[in-house]
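In what follows, a single structure is set out as structure tokens and then discussed.
No value in this document is a laboratory result; all are computed from the given coordinates. Everything numeric in this text was worked out from a predicted model, so none of it was measured. Glycine also receives a Cβ, built like all others from the backbone with ideal geometry; neighbour counts cover every protein chain displayed.
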Amino acid sequence: MPQVIRAYVRYVDAVNRAVGRFAMCLIFVMMGILLYSSISKTFFVPALWTMEMAQFTMVAYYLLGGSYSMQMGTHVRMDLLYGMWSDRTKAWVDCFTIFFLIFYLGVLLYGGFNSTEYSLQYGERSNSAWRPYLGPIKIIACIGIFLMLLQAFAMLFKDIAKIKGEEL
């Protein structure tokens with residue numbers, strides 16, 4: 001494989017590993033928010049922001065951690081035949097199916113950019129009692145989708161190298 005592809009795969013893997021490790025910590029942030037919500041409802045005045053903030057944290061956790069789970073191979077797979085195949089056959093099938101994922105992520109990112117642009121331009125807010133701005137969470141969603149798209153290309157390059165008998 002050319003050196004530029006090797007560098008791309010190394011860089012994308014490093015970035016997604018760092019972002020994924022950070023995203024792992026967001027589950028604890030969400031747990032803290034929900035714990036605060038339970039305590040405030042029991043002993044104090046219920047906070048308006050806790051449930052929606054927990055949802056935003058879960059969105060960030062899920063989307064920022066998606067590329068890391070793809071990199072680690074921990075995504076859910078339909079394993080009727082896949083587990084019996086050789087590594088090279090798996091790489092061939094993955095090279096074919098990754099294009100569906102790339103198309104899906106491209107469409108999702110396009111829609112995400114349009115939605116984020118609208119949200120920032122018009123100051124879109126949630127319809128809840130707290131009424132937070134939706135722009136920041138939409139930006140985080142776009143970043144997560146973009147990182148998954150970069151990781152999908154890195155996985156494609158890894159599979160092509162595996163077919164050629166190389167290792168990236």
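Between the helical axis of 87-122 and the dominant principal axis of the chain, each derived from Cα atoms, what acute angle in degrees is found, rounded to the nearest 10? Helix 87-122 sits at roughly 30 degrees to that axis.
Reported to the nearest whole Å, the Cα centre-to-centre distance from segment 94-150 to segment 33-50 is 29. If I take R0 = 30 Å and measure r between the Cβ atoms of I102 and Q55 in this structure, what FRET efficiency does the formula 1/(1 + (r/R0)^6) give, to the nearest 0.05? Rounded to the nearest 0.05, the efficiency is 0.60.
The charge dipole of the chain, taken about its Cα centre with unit charges on the Cβ of Lys, Arg, Asp and Glu (plus for the first two, minus for the last two), comes to roughly 160 debye.
If you take all other residues with their beta carbon under 11 Å from the beta carbon of K162, and give Lys and Arg +1 and Asp and Glu -1, the sum is -1. Each of T97, P132, L80 was placed along the dipole of the chain (beta-carbon charges, centred on the mean Cα), and the one lying farthest toward the positive end is P132. Largest GNM mean-square fluctuation across L35, L108, L134, computed for the chain with C-alpha springs under 10 Å, falls on L35. The loop-placed trypsin sites (Lys or Arg not before Pro) in segment 23-100, going by DSSP, that have at most 15 neighbouring Cβ atoms within 10 Å of their Cβ come out as R77. For M78, neighbours were defined as the other residues whose beta-carbon sits under 15 Å from its Cβ, and their charges (Lys and Arg +1, Asp and Glu -1) total 0.
Comparing C142, C25, C95 in a Gaussian network model of the chain, where Cα atoms under 10 Å apart are tied by springs, the biggest mean-square fluctuation is seen for C25. Excluding the sites themselves, what is the longest stretch of the chain that contains no GluC sites (Glu not before Pro) in a DSSP loop with at most 12 other C-beta atoms within 10 Å? Value returned for the longest uninterrupted segment is 1-165.
Between A47, A91, A60, the GNM of the chain built on Cα springs shorter than 10 angstrom shows A47 fluctuating the most. Here each label is just a point 7 Å from Cα along the line to Cβ, and for Y82 and Y133 those points are 4.0 nm apart. Site pair K164 and L48 shows an inter-label distance of 5.8 nm when each label is modelled 7 Å from Cα along Cα→Cβ.
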